[in-house]
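**Q** Before I ask anything, let me first share the structure, which is written out below as structure tokens.
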Amino acid sequence: MGREPPSPAADLDLPPRLLGITTFLLSTVGRRARRRLGERLTGHGIRLWHVAVLSALADFGPANQRDLGRRLGIDPSDLVGVLDDLESAGRLSRRRDPADRRRYVVSVTPVGRAALDAATREADAVHDEVLAPLTPAERRQLHALLLRVLTRG
């Protein structure tokens, strides 16, 4: 009787039953990718929440703090700390909302755009590392499938 070659998953030293749970695989790969990205971003003095805020401001334009937090799912008290970090680094500006002086409008600065560009390059590098076993077509397919799951969740 011929013996099957060991699966690549056999090197993981995890129970096969666990490896059969797709959500476990997604979360494990996600944690590893997030850790790698976090390590790379630290070299630029930026964190993932910083990237999220800068991305939202760069892609959607200035926003008040409440709408920004709601869009990104960041608790208001946590958002203040993220905004403080970004503002002290010159990556965003906050000014009173002329329509409602109780609120602040947040905008990305040129320094923030440069930091976002650097972070995006780091994210692309991590993407290439993490997805190295996949072909370009498989990477596009995985992205499309994950986006479909995310938008229907």
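The values are calculated or read from the model by the stated rules, or taken from the named source; none is laboratory data. What you see is a predicted model; the values in this text were computed from it and never measured. Methodologically, a virtual Cβ is constructed for each residue, glycine included, from the backbone with ideal geometry; neighbour enumeration extends over all protein chains shown.
**Q** Here is a check on your reading of the model: is Asp78 over 19 Å from the mean Cα position of the chain (by Cα) and either at pLDDT below 95 or of a type in the set (D, E, K, R) (or both)?
**A** It is false that Asp78 is over 19 Å from the mean Cα position of the chain (by Cα) and either at pLDDT below 95 or of a type in the set (D, E, K, R) (or both).
**Q** Here are some residues: Leu142, Leu116, Leu134, Leu147. Which one is in contact with a helix residue (DSSP H, G or I) (Cβ under 7 Å, 6 or more places away or on another chain), more than 30 Å from Ala89 (Cβ to Cβ) and not aromatic (Phe, Trp, Tyr)?
**A** Leu134
**Q** Continuing with the same structure: Please pick out the residue among Leu150, Leu134, Leu92, Leu86 that is of a type outside the set (Val, Ile, Thr), surrounded by 10 or more Cβ atoms within 10 Å (Cβ to Cβ) and out of contact with any Leu (no Cβ under 6 Å at 6 or more places or on another chain).
**A** Leu134 is the lone residue from the list that is of a type outside the set (Val, Ile, Thr), surrounded by 10 or more Cβ atoms within 10 Å (Cβ to Cβ) and out of contact with any Leu (no Cβ under 6 Å at 6 or more places or on another chain).
**Q** If Thr109 satisfies every condition in (1) of a type in the set (Ser, Thr, Tyr); (2) over 22 Å from Leu146 (Cα atoms); (3) free of Cβ contacts under 8 Å to residues at least 12 places away in the same chain but one, which is the exception?
**A** Thr109 satisfies all of (1) of a type in the set (Ser, Thr, Tyr); (2) over 22 Å from Leu146 (Cα atoms); (3) free of Cβ contacts under 8 Å to residues at least 12 places away in the same chain except (3).
**Q** All but one of (1) surrounded by 10 or more Cβ atoms within 10 Å (Cβ to Cβ); (2) farther than 19 Å from Ala33 by Cα hold for Pro98, so report the exception by its number.
**A** With respect to (1) surrounded by 10 or more Cβ atoms within 10 Å (Cβ to Cβ); (2) farther than 19 Å from Ala33 by Cα, Pro98 is out only on (1).
Matching residues to (1) modelled with pLDDT of 95 or more; (2) under 30 Å from Ala99 (Cβ atoms); (3) surrounded by 14 or more Cβ atoms within 10 Å (Cβ to Cβ):
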site: Ile21; (1), (2), (3): yes, no, no
site: Ala33; (1), (2), (3): yes, no, yes
site: Gly38; (1), (2), (3): yes, no, yes
site: Gly43; (1), (2), (3): no, no, no
site: Arg47; (1), (2), (3): yes, no, yes
site: Leu54; (1), (2), (3): yes, yes, yes
site: Leu57; (1), (2), (3): yes, yes, yes
site: Phe60; (1), (2), (3): yes, yes, no
site: Asn64; (1), (2), (3): no, yes, yes
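**Q** Taking the stretch 87-143, which residues are assigned to a helix (DSSP H, G or I) and of a type in the set (A, V, I, L, M, F, W, C)?
**A** Within the stretch 87-143, Val111, Ala114, Ala115, Leu116, Ala118, Ala119, Ala123, Ala125, Val126, Val130, Ala137, Leu142 meet the criteria.
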